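S.K.: Questions regarding the structure given below will be posed in turn.
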Amino acid sequence: MATEEEMPAAAAAAAAPAGGGGDDAEMRDAASPSESDSDSSDSDDEGAAGADELRIQALEQALKEQPLDYETHVQYIQCLRKSGNIEKLRAAREEMNKYYPLTPKMWLEWAKDEISLSTSEESFGDVVKLYERGVQEYLSIRLWRDYLDYVEEHDPSVSQCTPAGLSKMRDLFERAITAGGLHVTEGSKLWAAYREYEMAILITISDENDEEKAKQVQRIRTLFHRQLSVPLAEMESTLVEYKSWEAEQGNANDPGSTFDGVPSNVTSAYKKANDMYNERKQYEDQLSNAGASEADKLQEFLKYLKFEESSGDPARVQVLYERAVSELPVSSDLWMGYTSYLDRSLKVPSVLRSVYYRATRNCTWVAELWVHYLLSLERIHSSEEELRHVFERAVQCSFPTIQEYLNVYLTRVHSLRRRISDGLDFQLIRQTFMDAAEFLSPQLGTKELLHLNAYWAKLERNLGKDLAAARGVWENTIKKSGSVLEVWQQYISMEMEMGNIHEARSLYKRCYSKRFAGSGSEDICHAWIRFEEENGTLDDYDLAVKKVTPRLKELMMFKSQEEAKEEAYSMLNDNSNADDSYQKRKAGKMTNKQQPPAKKRKENPPKSAKSSDDQRSKAQSGHSAAIAAVEVGDVAREKVEASTEMKVDSDSRTGNTGSNEPKPSFYNDKCTIFVSNIDLKANEDDLRRFFSDIGGVTAIRLLRDKFTKKSRGLAYVDFSDNKHLDAALKKNKQKLLAKKVSIARSDPSKGKKNWEAGPSSKGHDNLPQSGDDGAKAPGSSRSDKEVPKGDVKITGKNTQFAPRSVVKPLGWTTKEEKPDGGAGELKSNEEFRNLLLKK
């Protein structure tokens, strides 16, 4: 509880007894000005107390919403300290220290607050624990001095100079000297406090106890000798003090001579320490610049550290690192350098644990620190419980990139793999992989995900001795990244390493018709052929050739088609640019001629007529380019027709004639949804029942495999209006049979943009997949009236690779003006060529 001195002034005034007599009116009339001022001051204090309470409540609410806000924690503690609510103040400090290390100043304030309330030995122990926690977080000479003074004054065994008390105090001083005795500018304060304590003990020893007194004198002399061998500031004054003390002990010396009466070994150590101090003075002067920025101070510390590391004294390097991180606690460069140095040079388990723990509390967002922390714990043979605890802390932090999370998970797996011979259960490795896959898969890139799953499958096979689990890993990877060639290649490679030829062949059969980026589709076909040549029978080889040959022809046809379209678009663009330049030059020449006003009026027809003439002129100048484009397109069209005829013949032989109902030649996707992740057992009736509750379904197109005619799990559903379509979109992620379907509005604008831009790439998105039909991906919904002049669209009997919305009857399509001003459509390349030649 707060004492009376800590109570707010308003509360103290309210508690004061009333004095005097008479009625209230007389008292108010007789009130002196000073009493009125006192009443006003009390009211102000009450208002301030109310404002402070509101401020505290607001900060409490802010911390509930953002428990990791450092500045809010600091402000909350300051407000509670001002209000005197010690119980809330304790809880607030503990809560902040749970997330962040406290500064030396905050530890000093906390200790002083607790000391002012301590009334028992139990309170003494609590304060000592606070000091212990404080000196372990940062190096602070002032905090150590306060800690030493508190124990010296309040510990009964120390104040009574019992043997146990003396031993306890000396051990504490030695700890302080180890922590900060090498601090160049402030370390002498700790040495001085140690000597003063021993000198005080000397006074308590009676003159009759000569032996004990001699021991104490030697103890003080040794402290002087130790300090004089350390490079510290104000070494000269320490030497003078030492000579004076020796004179008091009866060892006369000449004050005018620097080293008179000083042992030779101490003189030699002093000179060496003084030289070391002079070498470091330039660095200390730079650090003492109060106006330096944090960036400048960091650079000065790094220079100083480099110098100390070159000197080769680990204790001095460690103290300098402690000074640096105390002043710049969130500098990841300092913590990385500090921990790396300890791993290389000191390798003391207790020190490593302490420094890594503090480093990860100050820089929680640096994944590399956590990785090094786990590796360091493994080097010093820490327990599995400790390693697991650190790993769990690491994955709860916020790292800038998903790659850093992956590094932490992989570091944990590597550690478990290395220690599996120590009796660890493989289930720990499996569970770590499962957690990593669940947490990282939605955000990992293909390369990183492949790395993770390949490693997982390898350990399942080699350490877990579970081939089925290894295959399960690859099957799950295929579900997420089945369009990545490397996934299939590594899966096949694993089966080959195990000698499972039949399983590897099955994988080739599953993936040879897949769509892969670049030349991946051709590569997997050729790889299957090589596989059968090296491992299969002649029947196996013949079957592979039979399967692969049509697929390779299909890919070659697609490539030729794309090249033809590219050439056609290139020619059209070149001629269009040339025509524009010609028209500009012609217009420029005409404007330079001097013409009579009447002639100018005559030769400047109305806008509509002029526009018609310009259009006709441009059409005529583009005839040759259009004819060339048609001729180039004929080659691709003939290949498409031939391929389509082969397909039709094959279908007629196998009896796959399809439905008797005529299919629409194109779809505009104006009111259509795209449904994916459909259960492969579902059919059109299941989809119709799924949307029966909202109604409005006009057509359902379930995509099927070209050869097997089995569902591919994809469908387009047309609706009568947008109202029903919006209702259908709300059924996204609802279950159809046993799977949650994904529903999105079909967006033909994407296909439209790609089609209008022309075939400019041969990448993954344009590559055909064996078994695709024309309804695979929504295409452009642009009508013929929207086609610009000179734009050419390829259509034909085989529309496998064209967007659904632009599929037309066979032939290149364009427009010409009718005599009546309307627009007609030509459906034959031959007609189009003849028309151009006639013009």
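S.K.: Could you please give the count of residues in segment 214-241 that are assigned to a loop (DSSP other than H, G, I, E, B) and either farther than 21 Å from residue 278 by Cβ or open to solvent by 60 Å² or more (accessible area, probe 1.4 Å) (or both)?
M.R.: Total satisfying the criteria: 1.
S.K.: Could you list, in sequence order, all residues of segment 344-368 that are surrounded by fewer than 20 Cβ atoms within 10 Å (Cβ to Cβ), farther than 19 Å from residue 136 by Cα and within 27 Å of the chain's Cα centre (by Cα)?
M.R.: Result: 365, 368.
S.K.: In segment 695-710, how many are open to solvent by less than 40 Å² (accessible area, probe 1.4 Å), not basic (Lys, Arg) and not in a loop (DSSP other than H, G, I, E, B)?
M.R.: The qualifying residues number 5.
S.K.: Here's a follow-up. What is the one condition in (1) open to solvent by less than 60 Å² (accessible area, probe 1.4 Å); (2) under 28 Å from residue 323 (Cα atoms) that residue 379 does not satisfy?
M.R.: With respect to (1) open to solvent by less than 60 Å² (accessible area, probe 1.4 Å); (2) under 28 Å from residue 323 (Cα atoms), residue 379 is out only on (1).
S.K.: Right, another one. For residue 172, are the conditions met, namely being in a helix (DSSP H, G or I), open to solvent by less than 10 Å² (accessible area, probe 1.4 Å) and of a type in the set (A, V, I, L, M)?
M.R.: When the stated conditions are applied, residue 172 does not pass them.
S.K.: What is the number of the single condition among (1) closer than 18 Å to residue 446 by Cα; (2) buried (at least 17 other Cβ atoms within 10 Å of the Cβ); (3) of a type outside the set (D, E, K, R) that residue 512 does not meet?
M.R.: Checking residue 512 against (1) closer than 18 Å to residue 446 by Cα; (2) buried (at least 17 other Cβ atoms within 10 Å of the Cβ); (3) of a type outside the set (D, E, K, R), the one that fails is (1).
For (1) β-branched (Val, Ile, Thr); (2) modelled with pLDDT of 90 or more, each residue gets a yes or a no:
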{"position": "647", "(1), (2)": "no, no"}
{"position": "659", "(1), (2)": "no, no"}
{"position": "665", "(1), (2)": "no, no"}
{"position": "672", "(1), (2)": "yes, yes"}
{"position": "682", "(1), (2)": "no, yes"}
{"position": "695", "(1), (2)": "no, no"}
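S.K.: Right, residue 722: out of contact with any Asp or Glu (no Cβ under 7 Å at 6 or more places or on another chain), polar (S, T, N, Q), closer than 30 Å to residue 512 by Cα and in contact (Cβ under 8 Å) with a residue 12 or more places away in the chain or not?
M.R.: No.
S.K.: Keeping to segment 290-320, report how many residues are charged (D, E, K, R) and outside any helix (DSSP H, G or I). Lay out the reasoning, then the answer.
M.R.: Going residue by residue through segment 290-320, those that are charged (D, E, K, R) are 294, 296-297, 300, 303, 306, 308-309, 313, 316.
From the residues that got through so far, the ones that are outside any helix (DSSP H, G or I) too are 313.
Residues in segment 290-320 being charged (D, E, K, R) and outside any helix (DSSP H, G or I): 1 in total.
S.K.: Could you figure out which of (1) under 28 Å from residue 342 (Cβ atoms); (2) β-branched (Val, Ile, Thr); (3) in a loop (DSSP other than H, G, I, E, B) isn't true of residue 258?
M.R.: (1)
S.K.: Let me ask you something else. Being open to solvent by 10 Å² or more (accessible area, probe 1.4 Å) and among the polar types (S, T, N, Q) is the filter here, so list the residues in segment 515-527 that pass it.
M.R.: 519
S.K.: List pairs: first in segment 355-368 and within 19 Å of residue 321 (Cα to Cα), second of a type in the set (D, E, K, R), Cβ under 7 Å, 6+ apart or cross-chain?
M.R.: Going by the 7 Å Cβ cut-off, the qualifying pairs are 358/137.
S.K.: So which of 260, 285, 313, 296 is free of Cβ contacts under 8 Å to residues at least 40 places away in the same chain, open to solvent by 50 Å² or more (accessible area, probe 1.4 Å), touching an Asp or Glu at 6+ places or on another chain (Cβ under 6 Å) and not basic (Lys, Arg)? Working first, answer last.
M.R.: Numbers: 285 fails: touching an Asp or Glu at 6+ places or on another chain (Cβ under 6 Å); 313 fails: touching an Asp or Glu at 6+ places or on another chain (Cβ under 6 Å); 296 fails: touching an Asp or Glu at 6+ places or on another chain (Cβ under 6 Å).
So the residue among 260, 285, 313, 296 that is free of Cβ contacts under 8 Å to residues at least 40 places away in the same chain, open to solvent by 50 Å² or more (accessible area, probe 1.4 Å), touching an Asp or Glu at 6+ places or on another chain (Cβ under 6 Å) and not basic (Lys, Arg) is 260.
Here's the yes/no breakdown for (1) open to solvent by less than 40 Å² (accessible area, probe 1.4 Å); (2) not small (Gly, Ala, Ser):
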site: 529; (1), (2): yes, yes
site: 536; (1), (2): yes, no
site: 544; (1), (2): yes, no
site: 551; (1), (2): yes, yes
site: 559; (1), (2): no, yes
site: 563; (1), (2): no, yes
site: 570; (1), (2): no, no
site: 573; (1), (2): no, yes
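S.K.: Could you please find all residues in segment 700-729 being touching a Phe, Trp or Tyr at 6+ places or on another chain (Cβ under 8 Å) and more than 15 Å from residue 676 (Cα to Cα)?
M.R.: 725
S.K.: Identify all residues within segment 470-487 that are touching a Leu at 6+ places or on another chain (Cβ under 8 Å) and closer than 18 Å to residue 460 by Cα; write none if there are none. Spell out the reasoning first.
M.R.: Step one: filter segment 470-487 for residues touching a Leu at 6+ places or on another chain (Cβ under 8 Å), giving 477, 480-481, 484, 486-487.
Once the filter is applied, which keeps residues that are touching a Leu at 6+ places or on another chain (Cβ under 8 Å) and closer than 18 Å to residue 460 by Cα, segment 470-487 yields 477, 487.
S.K.: Next up: For segment 327-423, which fully contained helices (runs of 4 or more DSSP H) count at least 2 residues that are β-branched (Val, Ile, Thr)? Steps first, answer last, please.
M.R.: Values: elements: 332-341, 349-362, 367-379, 384-395, 402-418.
Where helices (runs of 4 or more DSSP H) fall fully within segment 327-423 and carry at least 2 residues being β-branched (Val, Ile, Thr), they are 349-362, 384-395, 402-418.
S.K.: Out of curiosity, is residue 199 buried (at least 20 other Cβ atoms within 10 Å of the Cβ) and more than 28 Å from residue 352 (Cβ to Cβ)?
M.R.: Criteria not met by residue 199.
S.K.: Right, next: Pairs, please: C-beta under 9 Å, at least 6 apart or cross-chain, first residue on the phi > 0 side of the Ramachandran plot and in segment 676-692, second open to solvent by less than 60 Å² (accessible area, probe 1.4 Å) and not in a loop (DSSP other than H, G, I, E, B)?
M.R.: These pairs meet every condition: 677/713; 677/714; 677/736; 677/742.
S.K.: Can you pull out the residues in segment 533-549 that are free of Cβ contacts under 8 Å to residues at least 12 places away in the same chain and over 16 Å from residue 502 (Cβ atoms)?
M.R.: Across segment 533-549, the qualifying residues are 533, 538, 542, 546, 549.
S.K.: Among (1) open to solvent by 20 Å² or more (accessible area, probe 1.4 Å); (2) under 28 Å from residue 299 (Cβ atoms); (3) at pLDDT 95 or above, there is one condition residue 339 misses while meeting the rest; what is its number?
M.R.: (1)
S.K.: Of all the residues that make up segment 475-499, how many are open to solvent by 30 Å² or more (accessible area, probe 1.4 Å) and either assigned to a helix (DSSP H, G or I) or not hydrophobic (A, V, I, L, M, F, W, C) (or both)?
M.R.: The first filter runs over segment 475-499 and keeps only residues open to solvent by 30 Å² or more (accessible area, probe 1.4 Å), leaving 475-476, 479-480, 483, 486, 489-490, 493, 496-499.
Next cut, either assigned to a helix (DSSP H, G or I) or not hydrophobic (A, V, I, L, M, F, W, C) (or both) only: 475-476, 479-480, 483, 486, 489-490, 493, 496-497, 499.
Final tally of qualifying residues: 12.
S.K.: Is it the case that some residue within segment 388-399 is open to solvent by 70 Å² or more (accessible area, probe 1.4 Å) and modelled with pLDDT under 95? First the steps, then the outcome.
M.R.: As a first pass, look at segment 388-399 and keep what is open to solvent by 70 Å² or more (accessible area, probe 1.4 Å): 388-389, 392, 396, 398.
Next cut, modelled with pLDDT under 95 only: 396, 398.
Yes, segment 388-399 contains a residue that is open to solvent by 70 Å² or more (accessible area, probe 1.4 Å) and modelled with pLDDT under 95.
S.K.: Looking only at helices (runs of 4 or more DSSP H) that lie completely in segment 70-163, which have at least 3 residues being within 30 Å of residue 212 (Cβ to Cβ) and open to solvent by less than 70 Å² (accessible area, probe 1.4 Å)?
M.R.: Answer list for segment 70-163: 141-154, 156-159.
The values are calculated or read from the model by the stated rules, or taken from the named source; none is laboratory data. Values in this document were obtained by computation on a predicted structure and should not be read as measured data. Glycine also receives a Cβ, built like all others from the backbone with ideal geometry; neighbour counts cover every protein chain displayed. Heads up: the accessible areas ignore ligands, DNA and RNA and are worked out on the full protein's heavy atoms, side chains in. Shrake-Rupley method; radii C 1.70, N 1.55, O 1.52, S 1.80 Å.
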